[in-house]
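Undergrad: Take a look at the following structure, please.
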Amino acid sequence: MALGADRRFTAWTWPPSKRQVTSIVVCLCDVIIFGLFLAPQLHTSLRPLFFVLFGVFAFATYAAGIVTMSTDPIDSIVLANESGASSDSWDSDEEVLHCRYCDSHVQLDSKHCWECNKCVANFDHHCPWLNTCIGTRNYWFFYVAIWSLLAMLAVLNFVTAFELVQICNGSVDYDEDIGGLYGLGEAKIVVVLVIVLFINVPLWLLDLTLVAFHTYLCHQGITTYEYLTGKTSQKKARKDAEKAERAERQAKAAEYNLQADSSATRSEAAKPIMASSTEPRVLVAPPAGGGVFKSPQDVEHGAAPRMDVSPESTDQDGSSDEDDGANGMDAVFRSMVAQDTDTDLRKEIGSFVFGSGTHDVAKPGTR
């Protein structure tokens with residue numbers, strides 16, 4: 001591989017990014033503040049429960065985050081080529097593309113990230129806050145990390161707001177409790193609580209948006225790259241075509257079966273019931289190229305059985321409601337995509353949700 005020595009292997013490859021350091025420091029500070037400041041002064045019988053919940057979510061956040069940052073999401077063909085194996089062995093076994101920057105064959109859904117200087121399998125986005133690309137090998141760890149962070153910040157913000165309400169109501173004398181321990185008065189404690197909320201409530205809202213966006217992507221079966229660029233990989237396009245073909249076959253089967261039911265009903269009403277008519281009637285969907293309905297005797301000799309039609313393919317109202325909901329979510333997320341003329345704050349919010357450099361990745365070409 002031509003650029004192997006220059007690429008970023010994991011998030012820990014030197015140098016770290018400023019956003020990566022910021023995210024690690026903020027999460028560490030939240031854990032310290034909760035353990036040493038918030039939890040000791042939480043006057044409620046549920047304090048052990050909040051302490052356990054925060055500990056579990058914080059552990060899950062760090063564990064999933066560390067695995068995400070420590071996993072190299074590089075395309076497996078490029079990795080094998082890096083190790084000395086020739087990528088020519090994929091010529092006859094797999095349908096592949098070729099990346100001229102990696103000087104290697106790559107999978108159909110891979111993209112070359114300029115920030116990491118490597119092709120990433122099923123590239124989703126480059127996360128500047130974790131300083132690594134998100135792809136097939138680390139996407140689900142990333143998804144667990146953002147969900148865990150959402151729950152951790154929810155517990156922290158709730159406890160902080162609860163203690164702030166207790167001070168405002170005068171139900172607890174903080175000067176004799178935690179204030180005496182750290183030498184802080186009630187006024188200084190209020191300042192600390194307000195600062196904690198001022199930092200973490202916006203972070204919780206941003207993370208909530210991130211979780212909602214990736215949940216929407218999972219439901220739609222697309223990546224961040226595909227969402228922002230409108231470009232799907234060849235593998236994804238092939239799967240979509242197969243899905244559309246299956247849906248078309250189901251629709252034809254439903255139409256043919258409905259016509260057969262109507263024809264059989266009219267026929268049975270027009271002639272008397274005979275003993276031979278007790279033989280069960282089997283409806284058969286014609287083949288894709290056309291055909292006629294087969295009799296039970298034909299079925300016994302190898303004709304295709306009747307195709308079942310799932311409710312989803314015939315429920316027009318349900319699919320319409322689902323499409324409306326998806327379009328509404330799409331409009332919300334589209335409005336958050338930052339433009340070149342937007343402010344730096346707007347661009348930072350966009351990079352938090354959508355990653356950085358998504359439009360600048362290189363798409364490998366055919367061989």
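Undergrad: With every protein chain present, what is the per residue accessible area of segment 22-61 (1.4 Å probe, Å²)? Walk me through the numbers before you get to the answer.
TA: Working: 2160 Å² over 40 residues.
With all protein chains present, segment 22-61 gives 54 Å² per residue.
Undergrad: To the nearest 10 square angstrom, what accessible area does E255 show with a 1.4 Å probe?
TA: 100 Å²
Undergrad: Exceeding 27 Å between C-alpha atoms, which entries from my cross-link table qualify? They are K111/K252; K18/K231; K18/K188; K118/K243; K188/K347; K118/K231. Present the calculation step by step, with values, prior to reporting the outcome.
TA: Values: K111/K252 38 Å; K18/K231 30 Å; K18/K188 30 Å; K118/K243 31 Å; K188/K347 34 Å; K118/K231 19 Å.
From K111/K252; K18/K231; K18/K188; K118/K243; K188/K347; K118/K231, over 27 Å: K111/K252; K18/K231; K18/K188; K118/K243; K188/K347.
Undergrad: Packing-wise, with mean Cβ within 10 Å as the measure, how do 40-53, 203-216 rank, highest first?
TA: 203-216, 40-53
Undergrad: Here's another thing I want to ask about it. State the extension gain, in nm to one decimal, for the chain segment bounded by V191 and L345, taking 0.36 nm per residue of separation less the distance between their alpha-carbons.
TA: Numbers: separation 154, 0.36 × 154 = 55.44 nm, distance 2.52 nm.
Fully extending the segment from V191 to L345 adds 52.9 nm.
Undergrad: What FRET efficiency do you get for T44 and T209 if R0 is 25 Å and r is their Cβ-Cβ distance, rounded to the nearest 0.05?
TA: Numbers: r = 30 Å, r/R0 = 1.22.
That pair, T44 with T209, gives E of 0.25.
Undergrad: Roughly speaking, what is the stretch gain from E242 to S263, that is 0.36 nm per residue apart minus the C-alpha to C-alpha distance, in nm to one decimal? Let's see the in-between values first.
TA: On the way: separation 21, 0.36 × 21 = 7.56 nm, distance 3.15 nm.
4.4 nm is the gain from fully extending E242 to S263.
Undergrad: With all pairs of different alpha carbon atoms counted, what Kirkwood hydrodynamic radius in Å does segment 5-140 show?
TA: About 17.2 Å, per the Kirkwood formula over Cα pairs.
Undergrad: Here's something else I'd like to know. Would you work out what percent of the accessible area of segment 22-171, with all protein chains in place, is carbon or sulfur (probe 1.4 Å)? All intermediate terms of the calculation are to be shown ahead of the outcome.
TA: Working: 4390 of 6410 Å².
After summing per-atom areas, the C and S share lands at 69 percent.
Undergrad: Now for a separate question. So how do 97-103, 133-139 stack up, highest first, on mean other-Cβ count within 10 Å?
TA: 133-139, 97-103
Undergrad: Show I77, I199 ordered by accessible area, largest first, where the area counts protein heavy atoms only and the probe is 1.4 Å.
TA: I199, I77
Undergrad: Give the separation of the Cα centroids, segment 88-157 to segment 50-70, in Å.
TA: 21 Å
The values are calculated or read from the model by the stated rules, or taken from the named source; none is laboratory data. In this text the structure is predicted, and so the values were computed from the model without any measurement. Neighbour counts run over all protein chains shown; Cβ positions are idealised from the backbone, glycine included. Surface accessibility is based on the protein's heavy atoms, side chains included, excluding ligands, DNA and RNA. Shrake-Rupley method; radii C 1.70, N 1.55, O 1.52, S 1.80 Å.
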